[in-house]
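Derivation of every value follows stated rules applied to the coordinates shown; laboratory data play no part. Being a predicted model, the structure only gives us computed values, none of them experimental. Positions of Cβ are backbone-derived with ideal geometry, glycine not excepted, and every protein chain shown enters the neighbour counts.
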Amino acid sequence: MYQESLKISKELGDRSGIVRTLWQMGQIFQEKGNYKEALRCYHNASAIFYELDLPYKDLAGRLIAALKEEIGDALFDKYYEEVTADE
């Protein structure tokens, strides 16, 4: 369902829809223990939050910080390096 929502938002150029979907996907991934994908979603959402100067952009950073606290520095750093390697 979220993948379809993300696809439609991208096709429509609905950047705020993309952010909302990525945010929700990140929360689901985090709840399921898929921290790398959660970080990928939060990181991508955060970039769009700041690019569009959307409200709650600071919350995206707090979610990333909370994820880091949950999984620890070493694992977070490993995942962050992998997530941002393609940028």
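Going highest first, how would you order 39-52, 72-85 by mean Cβ packing within 10 Å?
Ranked from most to least packed, the peptides come out as 39-52, 72-85.
Which value at 222 nm does the chain reach when only helices count, each DSSP H run of 4 or more adding -39,500 (n - 2.57), with the total divided by all residues and rounded to the nearest 500 deg cm²/dmol?
Result for the chain, helices only: -27500 deg cm²/dmol.
Give the residue list of trypsin sites (Lys or Arg not before Pro) in the stretch 1-33 that are DSSP loop and have at most 15 other beta-carbon atoms within 10 angstrom.
Passing both the DSSP loop test and the Cβ count: LYS32.
Please report, for the Cα atoms of the chain, the Rg to one decimal and the Dmax as a whole number; what are they, in angstrom?
For the chain, the Cα radius of gyration and maximum Cα-Cα distance read 12.6, 38 Å.
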